[in-house]
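J.: Input: one structure, supplied below.
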Amino acid sequence: MKIGTVNGTGSASANGLLMKALFRMGVPVTGKNLFPSNIQGLPTWYEIRANHRGYMSRSGRADVMVAMNAQTYQKDLNEVSPGGFLIYDSTWPRESSLHRQDITVLGVPLSKLCNENFDVARIRILMKNVAYVGVLAALMDIDLEVIKTLLEETFASKPKLVESNLKAIMIGHDYALENFTCPLPVRAEKMGDNAGHILIDGNSATGLGCVYAGATVGAWYPITPSTGVMDAFKAYCNRFRTDPETGKKNFCIVQAEDELAAAGMVLGGNWAGARSFTPTSGPGISLMSEFIGFAYYAEIPSVFIDVQRVGPSTGMPTRTQQCDLMLCAYASHGDTRHPMLFPANPKECFEMAVQVFDLADRLQTPIFMLSDLDIAMNDWMVPELEWDDDFRPDRGKVLGPEELKEMDRFVRYLDVDGDGITYRTLPGEDAKGAYFVRGSGHNRYGAYTEDSDEYQDVMERLLVKWETAKTLVPPALLSKAKRKTKLGIVAFGSSDGAVIEARDTLAEQGVHADYLRIRSFPFGQEVIDFLHDHETVFVVEQNRDAQMKALLILETNNIADRLVSITHYNGMPIPSECVVQGIARHLNAEVAA
Amino acid sequence: MTYIAKPKIDLPGQKRNELGLTERDYEGAMSTLCAGCGHDSITAALIQALWEMSVAPHQLVKMSGIGCSSKTPAYFVHGAHGFNSVHGRMPSVATGAMAANRDLICVGISGDGDSLSIGFGQFGHVIRRNLNMLYMIENNGVYGLTKGQFSASADPGSTAKKGEANEMQNINTVATAISMGATFVARSFSGDREQLIPLIKAAIAHPGCAILDVFSPCVTFNDHVGSTKSYAYVREHLHRANGADLIMPAEEISVEYREGETLPVEMHDGSMILLKKVDAEYDPTSRPAALGYLEKQRLAGYVVTGLLFVDDSLPEMHAISKTAHAPLKDLAFEDLSPGGEALVELQKGLK
Ligand SMILES: Cc1ncc(C[n+]2csc(CCOP(=O)(O)OP(=O)(O)O)c2C)c(N)n1
Ligand code: SF4
Ligand SMILES: [Mg+2]
């Protein structure tokens, strides 16, 4: 279902209402907000995918289209799938050329109805959007009681609003009942109550994860689509970490002057012993790069959350991509490499936001969590988040005054345990643990050096640490096909849903493929094994240059010839049909050859 | 090289501070700067000031950017953690560190290149945040470490070593800081320890961002005729608005002061800065007066030094953020993570 409106007209709450109503009816549902980089007046769309099988990605189909925006009417009309339905505001007549024979077009005079029923101009516009929810409720058999309950919950403190919203809904609903045959063949059927599931966006889940991880210092510079992470962190901290009596806060959020400063604050905070992080997007990572290299070389735990958006440059800030892999993997000048985590949905955003701090503290290095606009800003239906009250953060190798007392002398960069990870101390605790952090050449004792051997000694040890990182980051998840196959699919992050659905579709056509979902970088042995166990491996990703494929080639051996790229990078979340078609195209070409 | 440790010899009869430490305990590694570099004199003044104030070395953090000046944190208080960050970004790292642990005593060392060019943004914003720190700018009018290019503090008309004249306007560190809302602004000269040491102490005692701009001649690239940041020039044009003494809250104010000649300024923690006024008209508690005076003296060809502006009633970063009193780094996990039950409750609103 796709709804085209104008941004700034209140359609977001109408669409949210619709989606939540379906969720409450037990229908697996996801919503994708396709919005412009603008505050008011430009076209915006909302896609709702609801299906009993629980597929979460875009299907590439539009069975029901609500075309509320005259500007985009033609485009919206063209997009309706054959056999589908288009609903439009028939207050003003449409040219007869704007018609299609293979779909059903249903006109509802929404503006006229709202103008007759509401007085204030602004309210009329808002209610026009609420009214189409009523139309859809009638056409698709969406439970009115559920909608009513939702309105009562949303406007618990403003009963007047419940009344007016409900009135608008009934206007649309009754008009549809009177004028069309309801319900349509495309309809909602109550399936249960979606027990054990929630609706949440990735940014909220990430911010919440940072709270649960015990992060106390958040530094940031606003940038779409990452802003919601700090908004959520702040809101949850205000709720859970503020002393109700004194108003004192167990956290400190600094809105920095730019991303360079935000990165510096993250380094300073972690160095001084507080879990510190920054949420940003590609342009921010570009600016942070100098500090990222510093943190790599001086070995300062630091957490960077990159909510990816379309690049290069400013690109399309409100569109999605998985385009910062290369940027983050090797950010900064000189020989640097950084671990990355790839959450595939908001639930994993929560879990990995907790994990990423442990990893940073254990590995004493910058770690990136890469989500993207699709995960971050859309509401996803996911299983409930879980928390183990026995969890305690792993702060890694930190020596306190007690431990220092036992030692002759503290040395910062000596590999005592053979895992490449050395011991650190925190300022403010003990003069015996004092050391001097520098990005300039240093030896294993932490002293300045320009000596070739001493320099190289530290750089080699950092490679040992890289090997250790491979054993600590979350492993890739394997899903075997029902039949033995030589075909494999590799994907990560928000491409997951499209691959899941595509595999089912392909299996129905007799094409079976194993699937490995990569969840982190550096790649573990399981990734290498998977690549070697399959003759053809499709690498599905949302960028132009096949960055994951490039990383696989760079970081593993002798596999380039078996990797086939499937890329989707137009800024819209990847639909499952893109994966199906990509694989089919390759297999057909092989047959022809 | 900075890794040459100084031999530490405990001489009997050395004076000890309240913590029982000698001045030697506040030293660091051997300096690798050019002999005669003004930065080394500032380091010496810092050592004495920190010793006299009995700052516990482990409580101190020494932050810096990049430049000859930014190397100096290695040369004092070896028992303090140090952070030699990237060029122009010391303030942000200091902000993070102080956010994590508000009990630290933060001394940031920067240069005129580090603060007035590449780091101008961070310089301005740490002032705006009023981070509790001493922000020292060792100002020599040039980029020492990259061999003598003009910096943004070079005065119009001053010449480089090879004779080339700077024709651009300069950025006046103190006037800029005052107009950006700094709560403590002072200026001094590396060769004037008598004035510098009390100013360092007052800056550390100040509960906010204390900007201390210290002329610090670069003997290698900016100490010639034609330079306005040379020893000779600064000595000749130095004009003290006031001298200062810091009296800690525990001490009795025994120093005699005569009205009109001295001005006591009470600090937040109860300590007193005693300003020996040279100019009767000078009032360091008034921003417009300070800016007007600076401009007047500049036109007359003077370099005004002393405590130029102070207002310690304005809230520092943590007061603004309402951060807990205990350092965030020391909070127990139980006080940070809301727990399983809260998560279940919270998710009821997400259905
Ligand atoms: C990003 C970056 N650009 C350039 C440099 C080169 N660089 C090192 S020090 C310096 C200037 C330092 O001048 P100042 O802060 O005045 O210090 P001084 O050496 O004069 O004490 C420059 C440009 C660098 N280290 N990093
Ligand atoms: S070059 Fe100048 S600033 Fe640098 S150490 Fe030498 S005298 Fe000092
Ligand atoms: Mg300089």
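The values are calculated or read from the model by the stated rules, or taken from the named source; none is laboratory data. All values derive from a computational prediction rather than experimental measurement. All Cβ positions, even for glycine, are placed from backbone atoms using ideal geometry, and neighbour counts span all protein chains on display.
J.: For the stretch A:1-27, what are the residues that are in contact with a strand residue (DSSP E or B) (Cβ under 6 Å, 6 or more places away or on another chain) and either of a type in the set (A, V, I, L, M) or in a loop (DSSP other than H, G, I, E, B) (or both)?
T.: A:M1, A:I3, A:N7, A:M19, A:L22, A:V27 - these are the residues of the stretch A:1-27 that are in contact with a strand residue (DSSP E or B) (Cβ under 6 Å, 6 or more places away or on another chain) and either of a type in the set (A, V, I, L, M) or in a loop (DSSP other than H, G, I, E, B) (or both).
J.: Could I ask something else about it? Hey, does the stretch A:474-492 have a residue that's in a helix (DSSP H, G or I) and in contact (Cβ under 8 Å) with a residue 40 or more places away in the chain?
T.: no
J.: Given B:L46, B:L116, which one is over 23 Å from A:A298 (Cβ atoms) and within 16 Å of ligand 3 (Cβ to nearest atom)?
T.: Being over 23 Å from A:A298 (Cβ atoms) and within 16 Å of ligand 3 (Cβ to nearest atom) holds for just one of B:L46, B:L116, which is B:L116.
J.: Within the stretch A:227-244, count every residue that is within 12 Å of another protein chain (Cβ to nearest Cβ) and within 15 Å of the chain's Cα centre (by Cα).
T.: The total comes to 1.
J.: Given (1) within 9 Å of ligand 1 (Cβ to nearest atom); (2) crowded, with 24+ Cβ neighbours inside 10 Å; (3) within 11 Å of chain A (Cβ to nearest Cβ), where does B:S151 come up short, assuming only one miss?
T.: All conditions pass for B:S151, except number (3).
Okay, residues lined up against (1) closer than 18 Å to A:S13 by Cα; (2) crowded, with 19+ Cβ neighbours inside 10 Å:
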site	(1), (2)
A:Q40	yes, no
A:R49	yes, yes
A:G60	no, no
A:V66	yes, yes
A:D89	no, yes
A:R94	no, no
A:L98	no, no
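J.: Quick one: is A:F251 among the aromatic types (F, W, Y) and surrounded by fewer than 24 Cβ atoms within 10 Å (Cβ to Cβ)?
T.: Criteria not met by A:F251.
J.: Has the stretch A:527-548 got any residue that is of a type in the set (V, I, T), surrounded by fewer than 19 Cβ atoms within 10 Å (Cβ to Cβ) and assigned to a loop (DSSP other than H, G, I, E, B)?
T.: Looking for residues that are of a type in the set (V, I, T), surrounded by fewer than 19 Cβ atoms within 10 Å (Cβ to Cβ) and assigned to a loop (DSSP other than H, G, I, E, B), one finds none in the stretch A:527-548, hence no.
J.: Out of all the residues in the stretch A:398-423, which are crowded, with 17+ Cβ neighbours inside 10 Å and either in a loop (DSSP other than H, G, I, E, B) or facing another protein chain (nearest Cβ under 10 Å) (or both)?
T.: Matches in the stretch A:398-423: A:F410, A:R412, A:Y413, A:D415, A:D419, A:G420, A:I421, A:T422, A:Y423.
J.: Taking interchain pairs and intrachain pairs at least six residues apart, which have beta carbon atoms under 7 angstrom, with the first residue in the stretch B:81-100 and farther than 17 Å from A:S302 by Cβ and the second modelled with pLDDT under 95?
T.: If the second residue must be modelled with pLDDT under 95, no pairs are left.
J.: Could you tell me whether the stretch B:133-148 includes any residue that is within 14 Å of chain A (Cβ to nearest Cβ), in contact with a Cys (Cβ under 8 Å, 6 or more places away or on another chain) and either away from ligand 1 (no atom under 16 Å from the Cβ) or without any contact (Cβ under 8 Å) to a residue 40 or more places away in the chain (or both)?
T.: yes
J.: For the stretch B:49-74, what are the residues that are more than 16 Å from ligand 3 (Cβ to nearest atom), in a helix (DSSP H, G or I) and under 22 Å from B:P217 (Cα atoms)?
T.: B:A49, B:A74
J.: State whether the residues of the stretch B:101-113 include one that is away from every other protein chain (no Cβ under 14 Å), modelled with pLDDT of 95 or more and more than 16 Å from ligand 2 (Cβ to nearest atom).
T.: No, the conditions are met nowhere in the stretch B:101-113.
J.: Of the residues B:G121, B:G157, which is away from ligand 1 (no atom under 13 Å from the Cβ) and more than 14 Å from chain A (Cβ to nearest Cβ)?
T.: Only one candidate passes the filter, namely B:G157.
J.: Considering A:L110, A:L98, A:L86, A:L77, which residue is at pLDDT 90 or above and either of a type in the set (D, E) or over 29 Å from A:H568 (Cα atoms) (or both)?
T.: A:L110
J.: Does the stretch B:176-230 hold any residues that are under 22 Å from B:A290 (Cα atoms), hydrophobic (A, V, I, L, M, F, W, C) and within 16 Å of ligand 2 (Cβ to nearest atom), and which are they?
T.: B:F189, B:V214, B:F215
J.: In addition: If you go through the stretch A:190-205 one residue at a time, do you hit one that is crowded, with 24+ Cβ neighbours inside 10 Å, more than 11 Å from chain B (Cβ to nearest Cβ) and in a helix (DSSP H, G or I)?
T.: Within the stretch A:190-205, one or more residues are crowded, with 24+ Cβ neighbours inside 10 Å, more than 11 Å from chain B (Cβ to nearest Cβ) and in a helix (DSSP H, G or I).
J.: Residue check, B:M98 against (1) at the interface with chain A (Cβ under 10 Å from one of its Cβ atoms); (2) buried (at least 24 other Cβ atoms within 10 Å of the Cβ); (3) within 15 Å of ligand 2 (Cβ to nearest atom), all met but one. Which one?
T.: (3)
J.: Then there's this: Any chance the stretch B:337-346 includes a residue that's under 20 Å from B:D103 (Cβ atoms) and within 12 Å of chain A (Cβ to nearest Cβ)?
T.: no
J.: Restricting to the stretch B:51-70, count the residues that are under 22 Å from A:G441 (Cβ atoms) and of a type in the set (A, V, I, L, M).
T.: Result for the stretch B:51-70: 2.
J.: Additional query: Quick one: B:G65 ticks every box in (1) within 7 Å of chain A (Cβ to nearest Cβ); (2) small (G, A, S); (3) within 16 Å of ligand 2 (Cβ to nearest atom) bar one, so which box is it?
T.: Every listed condition holds for B:G65 apart from (1).
J.: Among the listed residues A:V511, A:V579, A:V591, A:V564, identify the single one that is farther than 30 Å from A:L359 by Cα and part of a loop (DSSP other than H, G, I, E, B).
T.: A:V511
J.: Restricting the stretch A:324-334 to residues that are part of a loop (DSSP other than H, G, I, E, B) and surrounded by 24 or more Cβ atoms within 10 Å (Cβ to Cβ), which is nearest to the chain's Cα centre (by Cα)?
T.: Among those that are part of a loop (DSSP other than H, G, I, E, B) and surrounded by 24 or more Cβ atoms within 10 Å (Cβ to Cβ), it is A:D324.
Let's see how each residue does on (1) modelled with pLDDT of 95 or more; (2) small (G, A, S); (3) within 35 Å of the chain's Cα centre (by Cα):
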| site | (1), (2), (3) |
| --- | --- |
| A:T149 | yes, no, yes |
| A:T154 | no, no, yes |
| A:L161 | no, no, yes |
| A:G172 | yes, yes, yes |
| A:A176 | yes, yes, no |
| A:N179 | yes, no, no |
| A:R187 | no, no, yes |
| A:M191 | no, no, yes |
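J.: Working only within the stretch B:37-62, note down all residues that are within 12 Å of ligand 2 (Cβ to nearest atom) and either over 21 Å from B:Y143 (Cβ atoms) or of a type in the set (G, A, S) (or both).
T.: Across the stretch B:37-62, the qualifying residues are B:G38, B:S41.
J.: When the residues of the stretch A:33-86 are narrowed to those that are among the aromatic types (F, W, Y) and over 16 Å from A:R319 (Cβ atoms), which ends up nearest to the chain's Cα centre (by Cα)?
T.: This residue is A:Y55.
J.: Counting only residues that are within 14 Å of ligand 3 (Cβ to nearest atom) and among the hydroxyl-bearing types (S, T, Y), which one in the stretch B:144-186 is nearest to the chain's Cα centre (by Cα)?
T.: Per the stated criteria, the residue is B:T173.
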